[in-house]
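**Q** Following this message is one structure expressed as structure tokens.
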Amino acid sequence: MTSRNWRAPLALFFGCLAFSGLGERSARAEPYFRRLDDMKRVPDGRHSHARILVDDNGQPQVLPAPPPDGFGPADLASAYHLPKSGGNGLLITTILGGTHYKNAEADLAKYRDAYGLPPCTKANGCFIQVDGKGGTDFASDGGCDNDIGETALDLDMLSAGCPDCKIMVVEPNGTSDGDAIKTAIGKGAVAISISWGYGENGVSQSDDKAWTHPGIAIFVATGDSGYFSPQQELSYPATSLGVVAVAGTKLKRSNSARGWDEVAWDGGGSGCSKSFDKPSWQTDTGCSKRSVADMSAISDNVAMYCSDSSGGGWMTAGGTSASAPYSAGMMTRLGVANGHFDPAWVWQNKQKFFDITSGSNGNCSGALKYLCNAGVGYDGPTGNGTPNGDLIAGDTSGGGSGGSGGAGGNAAGGAAGTNTGGANNAGAGFGGTNFGGANFGGAGGLNAGGANSAGFSGSGAIFGGGGAAGSAGASASGGQAGSGHAGSSNAGAEANPMSGSDNSGCSCSTPRRSSPSSALLVLGALGLVLAGVRRVRNGRRAR
């Protein structure tokens, strides 16, 4: 073997050894989430927007006790400044089920008991489980790795959002969406959560009537595939004119005035509809049709309990399948969803929301740049923000009775004008230092818009995102601008592989690459030197 010939195989050996080690470490460095769709497609063909924390083999991580890192009801109530009680006796509902959730009542009891929530059973009239016609003609039993896992998450998040509410699950079993919704309303539901979707192509304005029910608050998950470009179809029914489209966020405790930092989740669906006209209550100007989202809530790292014939237990979950039901419960608890709701309320009362100004869920530019980048005021990834219970609690206007949302919104807005202009929203708490300055501005170039949020978490960026992290700290009410830096870093952006036009792409959070050991680096470097490689090109795909 000549001196030149032995170098190539030796280099290949050392290089493969080093980088296979890197791959193994990255796969085990941080647990990751998979969409239920990626494990087993929901039987009726719709796409679940739930994600489950899985192990190295891609299977759900099941624990005997609530996950220590998963947010529970008390955590979320603290984050959104919710009152201790509210919504007592009101009925909130989730509609989902190609199969039957046989253990729904028992699993819900496990969740509620673990977090000290009052019992919610069929016997005490709190829990209701019916088919699409209001009876008990259920489909065959399902498993936690498909749509009953979705339903379990919905029921737990409804409970967390409104512990005092009654809860119902409607399992259609062949019934149309419209009939299932009518069944829920007929039984007294004031709020409905929808955690699934399908492409909006082929859905007409006339078909959309099934989702428009004056007075009833319908919260729909926007999907887990990030930003949808103008060439892609958004997830329906999130684009319906009769619903509130709910995207997702990530929470972390902090020393801010609020007590929490919140950024846009990079998987939450957003974009500009191709099929549905812009409702009169939407005020953004870049999208000429219906914009998504309207609001947002937690969609990452929440606790859930699910069991089926093969076992089950505690899991960590996320996705907009968490944010939609939590919003339905939370807004009922706050008195907004009370039978007199109108989707316009969210836009007419945007000053009562925490303005989320950091994070990105994809790549967009020009007039539509706000549809994939969180910023001051309305944006696609977080809508008008997340509910601030301190400012909303007790507001029973719901946007007006019987559609007269303008008057209801204005009355509530008058009182809120003086409150939101102060420290709570526009000053040090959110508009100033904490979100526009050091926490999400200066250091936020890395923490919010860079590697942690936009890189390696499904957005398609390779070594950092392009999100402008805290470039302006001012809130809509006049907070002082922060001095944050843009989170551009070593961007090697590529197309989002999770944004398929059928809304079924994997929305898993790709494991973050850990720092390699010095021994592995030495081996890799030796291999490259022996091969005569003079320089290494940047741009390896992060998977």
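**Q** Identify, please: which residue in the range 91-103 is modelled with pLDDT under 95 and in a strand (DSSP E or B) and is, among those, surrounded by the fewest Cβ atoms within 10 Å (Cβ to Cβ)?
**A** Only one residue tops the list, namely His100.
**Q** With the requirement that a residue be over 11 Å from the mean Cα position of the chain (by Cα), in a strand (DSSP E or B) and in contact (Cβ under 8 Å) with a residue 40 or more places away in the chain, what does the range 289-301 give you?
**A** Within the range 289-301, Arg290, Ser291, Val292 meet the criteria.
**Q** What do you reckon, is Asn5 at pLDDT 70 or above, more than 24 Å from the chain's Cα centre (by Cα) and assigned to a loop (DSSP other than H, G, I, E, B)? Full working, then the answer.
**A** Details: at pLDDT 70 or above: no; more than 24 Å from the chain's Cα centre (by Cα): yes; assigned to a loop (DSSP other than H, G, I, E, B): yes.
In short, no.
**Q** Would you check if there is a residue in the range 316-329 being in a loop (DSSP other than H, G, I, E, B), polar (S, T, N, Q) and either closer than 16 Å to Ala191 by Cα or in contact with a helix residue (DSSP H, G or I) (Cβ under 7 Å, 6 or more places away or on another chain) (or both)? Reasoning before the result, please.
**A** Initial filter on the range 316-329 (in a loop (DSSP other than H, G, I, E, B)): 319.
From the residues that got through so far, the ones that are polar (S, T, N, Q) too are none.
No.
**Q** Given the criteria over 26 Å from Gln59 (Cα atoms), in contact (Cβ under 8 Å) with a residue 60 or more places away in the chain and in contact with a helix residue (DSSP H, G or I) (Cβ under 9 Å, 6 or more places away or on another chain), does Ser360 qualify? Talk me through it step by step, then tell me what you get.
**A** Details: over 26 Å from Gln59 (Cα atoms): yes; in contact (Cβ under 8 Å) with a residue 60 or more places away in the chain: yes; in contact with a helix residue (DSSP H, G or I) (Cβ under 9 Å, 6 or more places away or on another chain): yes.
When the stated conditions are applied, Ser360 passes them.
**Q** Further question on the same structure: List every residue pair whose Cβ atoms sit under 6 Å apart, with the two residues 6 or more apart in sequence or on different chains, where the first one lies in the range 142-169 and is closer than 13 Å to Thr93 by Cα and the second, anywhere, is of a type in the set (Phe, Trp, Tyr) and not in a helix (DSSP H, G or I).
**A** Note: pairs meeting the criteria are Thr151/Tyr101; Ile167/Phe127.
**Q** Further question on the same structure: Any residue at all in the range 182-192 that is at pLDDT below 90 and touching a Lys or Arg at 6+ places or on another chain (Cβ under 9 Å)? Walk me through it before giving the result.
**A** Restricting attention to the range 182-192, the residues satisfying the condition of being at pLDDT below 90 are none.
For the range 182-192, residues at pLDDT below 90 and touching a Lys or Arg at 6+ places or on another chain (Cβ under 9 Å): absent.
**Q** Quick check on the range 116-149: of everything there that is part of a loop (DSSP other than H, G, I, E, B) and polar (S, T, N, Q), which residue is nearest to Glu171 (Cα to Cα)?
**A** Initial filter on the range 116-149 (part of a loop (DSSP other than H, G, I, E, B)): 116-126, 132-140, 142-146.
Then drop every residue that is not polar (S, T, N, Q), which leaves 121, 124, 136, 140, 146.
Values: Thr121: 17, Asn124: 21, Thr136: 9, Ser140: 11, Asn146: 14 Å.
The selected residue is Thr136.
**Q** Moving to a separate point now. Tally up the residues in the range 225-270 that are hydrophobic (A, V, I, L, M, F, W, C) and in contact with a Gly (Cβ under 8 Å, 6 or more places away or on another chain), please. Working first, answer last.
**A** As a first pass, look at the range 225-270 and keep what is hydrophobic (A, V, I, L, M, F, W, C): 228, 234, 238, 241, 243-247, 251, 257, 260, 263-265.
Cutting the leftovers down to in contact with a Gly (Cβ under 8 Å, 6 or more places away or on another chain) gives us 228, 234, 238, 245-247, 257, 263-265.
Count: 10.
**Q** Okay, next question. Given the criteria modelled with pLDDT of 50 or more, in contact with a Lys or Arg (Cβ under 9 Å, 6 or more places away or on another chain) and either hydrophobic (A, V, I, L, M, F, W, C) or outside the structural domain of Tyr80 (by TED's automatic domain parsing) (or both), does Leu368 qualify? Give the steps one after another, and end with the answer.
**A** Working: modelled with pLDDT of 50 or more: yes; in contact with a Lys or Arg (Cβ under 9 Å, 6 or more places away or on another chain): no; either hydrophobic (A, V, I, L, M, F, W, C) or outside the structural domain of Tyr80 (by TED's automatic domain parsing) (or both): yes.
Answer is no for this residue.
**Q** List the number of the failed condition for Leu108; all other conditions in (1) within 27 Å of Gly72 (Cα to Cα); (2) without any contact (Cβ under 8 Å) to a residue 24 or more places away in the chain; (3) of a type outside the set (Ser, Thr, Tyr) hold.
**A** Condition not satisfied by Leu108: (2).
**Q** Just checking: which of the strands (runs of 3 or more DSSP E) contained wholly in the range 206-288 hold 1 or more residues that are within 22 Å of Phe71 (Cβ to Cβ)?
**A** Details: elements: 217-221, 244-253, 260-264, 270-277.
Strands (runs of 3 or more DSSP E) meeting the threshold: 217-221, 244-253, 260-264.
**Q** Check whether at least one residue in the range 181-192 is surrounded by 22 or more Cβ atoms within 10 Å (Cβ to Cβ) and among the charged types (D, E, K, R), and report yes or no. Let's see the steps before the verdict.
**A** At the first step, the residues of the range 181-192 found to be surrounded by 22 or more Cβ atoms within 10 Å (Cβ to Cβ) are 181, 183-184, 189-192.
Next, from what is left, pick out any that are among the charged types (D, E, K, R): none.
So far as the range 181-192 goes, no, none of its residues is surrounded by 22 or more Cβ atoms within 10 Å (Cβ to Cβ) and among the charged types (D, E, K, R).
**Q** If you check every pair at least six apart or on different chains, which have Cβ atoms under 8 Å apart with a residue in the range 373-395 that is within 20 Å of Met331 (Cβ to Cβ) first and a residue that is in a helix (DSSP H, G or I) and among the polar types (S, T, N, Q) second?
**A** Pro387/Ser327; Leu391/Gln351; Leu391/Asn419; Leu391/Thr420
**Q** Got at least one residue in the range 221-236 being at pLDDT 95 or above and surrounded by fewer than 20 Cβ atoms within 10 Å (Cβ to Cβ)?
**A** No, because not a single residue in the range 221-236 is at pLDDT 95 or above and surrounded by fewer than 20 Cβ atoms within 10 Å (Cβ to Cβ).
**Q** Does the range 239-258 contain at least one residue that is at pLDDT 95 or above and on the phi > 0 side of the Ramachandran plot?
**A** There is no residue in the range 239-258 that is at pLDDT 95 or above and on the phi > 0 side of the Ramachandran plot.
**Q** Report, by residue number, each residue of the range 104-155 that is crowded, with 18+ Cβ neighbours inside 10 Å, farther than 22 Å from Lys187 by Cβ and among the polar types (S, T, N, Q).
**A** Asn146
**Q** How many residues does the range 251-280 contain that are surrounded by fewer than 19 Cβ atoms within 10 Å (Cβ to Cβ), within 17 Å of Ala293 (Cα to Cα) and among the hydroxyl-bearing types (Ser, Thr, Tyr)?
**A** 1
The values are calculated or read from the model by the stated rules, or taken from the named source; none is laboratory data. Everything quoted here is computed from the prediction, not taken from an experiment. A quick note on method: Cβ atoms are made from the backbone with ideal geometry, for glycine too, and the neighbour counts reach across all protein chains shown.
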